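For reference, the structure is listed below as structure tokens.
The values are calculated or read from the model by the stated rules, or taken from the named source; none is laboratory data. Just so you know, these numbers come straight off a predicted model, no measurement behind them. With ligands, DNA and RNA removed, areas are computed over all heavy atoms of the protein, side chains included. Shrake-Rupley method; radii C 1.70, N 1.55, O 1.52, S 1.80 Å.
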Amino acid sequence: QVQLVESGGGLVQPGGSLRLSCAASRSIYRNYSMGWYRQAPGKQRELVARITNGGTTNYAESVKGRFTISRDNAKNTVYLQMNSLKPEDTAVYYCNRGITPVPVWGQGTQVTVSS
């Protein structure tokens, strides 16, 4: 079964933190780079962070130094720790493979940064 389930979003004030989780089916997760993507209203989906199977990470310039991606290979789960959140981080966040996403996306998790 091909499945991606994101969770952990919410409403947070500027400067706050959230931790997102994504549980992936084995067929998607195993031996692949995984990534977190986001889509803001009226904008295209963009990759914000990626982690290889070996743990090498890279980030979009807009989140570098504030977001941290990690993975737990025993649980087929990828995380995104988001600190120092800004209003421009407001978006629906999704996870998927980090190089070539599978065509089936999860429902995403809404992150809203507002005072």
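Quick rundown of the values:
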item	result
The chain, accessible surface, carbon-and-sulfur percent (1.4 angstrom probe)	48
Net length gained if the chain between D72 and Q13 were fully extended (0.36 nm per residue, minus Cα distance)	18.4 nm
Extent along principal axes [Cα atoms of the stretch 67-114; Å; largest to smallest]	33, 23, 17
Enclosed volume per residue, in Å³, of the convex hull spanned by Cα atoms of the stretch 1-85	102
DSSP bridge orientation in the chain - percent antiparallel, rounded to nearest 5	90
Reduced Cα scattering model of the stretch 37-100, Debye log10 I(q)/I(0), q = 0.20 Å⁻¹	-0.81
